[in-house]
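Notes for the one structure printed next.
The values are calculated or read from the model by the stated rules, or taken from the named source; none is laboratory data. These numbers come from a predicted model, not from an experiment. Ideal geometry is used to build each Cβ from the backbone, glycine not excepted, and the neighbour counts take in all protein chains shown. Only protein heavy atoms, including side chains, enter the accessible area calculation; ligands, DNA and RNA are left aside. Shrake-Rupley method; radii C 1.70, N 1.55, O 1.52, S 1.80 Å.
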Amino acid sequence: MSKFKDYFNGETEDERYLGWLADNADSVSEEMEEVFEALCQSSGDIRHAYSSVDGRIQKDSQRRRRRSVFGYAAAFAAASIVLVCGFFIGRGSAKPQSIAETRWQELRVPDGETRRLELPDGSLVRLSPGSRITWPECFRDSTRHIFLDGEAVLKVARDPEHPFIVQAGDMQVKVLGTTFSIKSYGTNDCEEVLLMEGSVRLKLADGKSLTMHPGNVVQYDKRSGQVNIDNFDVSTFKSFDEGGSIHFFNMTLSDIASDLQRMFGTRIVVADSKLASTRFFAIFNNGESLYDILRTLNTEKRMKIEKKDQTIYLTRK
């Protein structure tokens with residue numbers, strides 16, 4: 001908090017911290033706006049302070065290369081901004097003190113395991129292997145924010161007055177109450193959202209946004225910026241939440257290998273760039289083993305599967 005406070009007062013030019021703020025301008029600004037809207041409506045001084053800081057951050061961001069504005073940094077940015085708000089308003093109001101005490105919870109799922117989680121609002125989350133989720137112990141704002149690095153199936157408790165927002169990698173998903181699957185691992189190029197019920201609003205870091213309907217699957221390639229929208233059969237589709245089902249919708253072998261590595265706890269190396277960029281479409285619903293999956297993907301016999309020293313190597317034939 002001290003660095004942010006000094007920056008707020010114009011007393012420091014800590015390039016490292018200022019750079020972080022600049023690169024995350026949009027997400028920081030959004031969190032600040034929500035906090036100030038919720039808590040500081042009656043204070044002109046506070047609103048002027050917000051405008052001053054927000055303007056400085058936005059100006060700095062224009063001089064820097066834009067990177068992903070959604071991710072775990074945003075979670076801690078939100079926490080620090082809440083504390084700053086409490087510091088500057090605490091002199092005349094008791095409200096900010098309780099908000100400043102908000103605690104963030106985090107759960108990390110080991111490779112090869114899954115976890116179930118119930119959030120404070122009653123929403124249910126099933127997390128896949130290697131996932132990490134951060135959430136407040138109590139939703140106090142006008143929106144219900146959580147942060148995800150990994151894959152999860154969410155059944156969101158309906159509350160139209162308090163939208164539910166998942167920030168994951170380059171994606172922000174906003175819902176009122178619905179069931180959907182989201183995948184966004186920092187190590188994968190592809191980010192994905194599948195909608196089973198209701199509707200969601202998907203916003204990407206580059207400004208693109210769209211409304212999804214049941215049966216829609218949206219994939220975002222972080223390298224190319226390409227967005228692909230397709231459909232799946234909701235009536236027959238199973239997520240990993242249902243009997244360990246695994247799906248790969250037009251995914252590269254590189255991303256598939258990363259997913260399988262987390263699921264089965266076995267290191268997988270794709271030792272050929274062309275093979276790594278090869279795309280596959282496959283669904284596994286019957287508890288297939290790692291080798292069953294790899295052999296199925298290799299139906300055209302384009303790759304060689306070898307295991308050496310607890311590592312599986314995939315190479316072109």
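Scanning the stretch 272-281 for residues that are surrounded by 14 or more Cβ atoms within 10 Å (Cβ to Cβ) and not in a strand (DSSP E or B) turns up D272, L275, A276, T278. Among the residues in the stretch 101-120, are any more than 20 Å from S184 (Cα to Cα) and touching a helix residue (DSSP H, G or I) at 6+ places or on another chain (Cβ under 7 Å)? Yes, the conditions are met somewhere in the stretch 101-120. For the stretch 128-144, the set of residues classified as out of contact with any Pro (no Cβ under 7 Å at 6 or more places or on another chain), over 17 Å from N188 (Cα atoms) and assigned to a loop (DSSP other than H, G, I, E, B) consists of R140, D141, S142, listed by residue number.
Matching residues to (1) over 17 Å from the mean Cα position of the chain (by Cα); (2) of a type in the set (A, V, I, L, M):
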{"residue": "V109", "(1), (2)": "no, yes"}
{"residue": "D121", "(1), (2)": "yes, no"}
{"residue": "D141", "(1), (2)": "yes, no"}
{"residue": "G169", "(1), (2)": "no, no"}
{"residue": "L176", "(1), (2)": "yes, yes"}
{"residue": "Y185", "(1), (2)": "no, no"}
{"residue": "E192", "(1), (2)": "no, no"}
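Which residues, counting only those in the stretch 201-231, are open to solvent by less than 30 Å² (accessible area, probe 1.4 Å) and out of contact with any Cys (no Cβ under 8 Å at 6 or more places or on another chain)? Can you show your working first?
Kept after step one, since they are open to solvent by less than 30 Å² (accessible area, probe 1.4 Å), are these residues of the stretch 201-231: 202, 204-205, 212, 215-220, 225.
L202, L204, A205, M212, G215, N216, V217, V218, G225 - these are the residues of the stretch 201-231 that are open to solvent by less than 30 Å² (accessible area, probe 1.4 Å) and out of contact with any Cys (no Cβ under 8 Å at 6 or more places or on another chain).
If the condition is being touching a residue at least 24 places away in the same chain (Cβ under 8 Å) and more than 16 Å from the chain's Cα centre (by Cα), then the stretch 156-167 contributes A157, D159, H162.
Out of the residues in the stretch 97-127 that are touching a residue at least 60 places away in the same chain (Cβ under 8 Å) and outside any loop (DSSP other than H, G, I, E, B), state the one that is farthest from R158 (Cα to Cα). Residue satisfying both the conditions and the ranking: I99. If you go through the stretch 168-180 and pick out every residue that is modelled with pLDDT of 95 or more and of a type outside the set (A, V, I, L, M, F, W, C), you end up with 2. Looking for something free of Cβ contacts under 8 Å to residues at least 24 places away in the same chain and open to solvent by less than 60 Å² (accessible area, probe 1.4 Å) - is there at least one such residue anywhere in the stretch 249-266? Checked the stretch 249-266: no residue is free of Cβ contacts under 8 Å to residues at least 24 places away in the same chain and open to solvent by less than 60 Å² (accessible area, probe 1.4 Å). In contact (Cβ under 8 Å) with a residue 60 or more places away in the chain, under 23 Å from M263 (Cβ atoms) and surrounded by fewer than 17 Cβ atoms within 10 Å (Cβ to Cβ) - does that describe any residue in the stretch 169-186? Yes, the conditions are met somewhere in the stretch 169-186.
Looking across the stretch 229-269, the residues that are assigned to a strand (DSSP E or B) and farther than 19 Å from Q219 by Cβ come down to R267, I268, V269.
Residue-by-condition table, conditions (1) at pLDDT 70 or above; (2) open to solvent by less than 60 Å² (accessible area, probe 1.4 Å); (3) out of contact with any strand residue (DSSP E or B) (no Cβ under 7 Å at 6 or more places or on another chain); (4) of a type in the set (D, E, K, R):
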{"position": "Q97", "(1), (2), (3), (4)": "no, no, yes, no"}
{"position": "E101", "(1), (2), (3), (4)": "no, no, yes, yes"}
{"position": "E118", "(1), (2), (3), (4)": "yes, no, no, yes"}
{"position": "P129", "(1), (2), (3), (4)": "yes, yes, yes, no"}
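What residue, among those in the stretch 282-314 that are open to solvent by less than 30 Å² (accessible area, probe 1.4 Å) and not aliphatic (A, V, I, L, M), is nearest to the chain's Cα centre (by Cα)? Only one residue fits best here, namely F284. Cβ separations smaller than 9 Å between residues 6+ apart or across chains give the following pairs from the stretch 279-303 residues that are farther than 14 Å from F248 by Cα to residues that are in a loop (DSSP other than H, G, I, E, B) and open to solvent by 80 Å² or more (accessible area, probe 1.4 Å): D292/N286; K301/K317; R302/K317; M303/K317.
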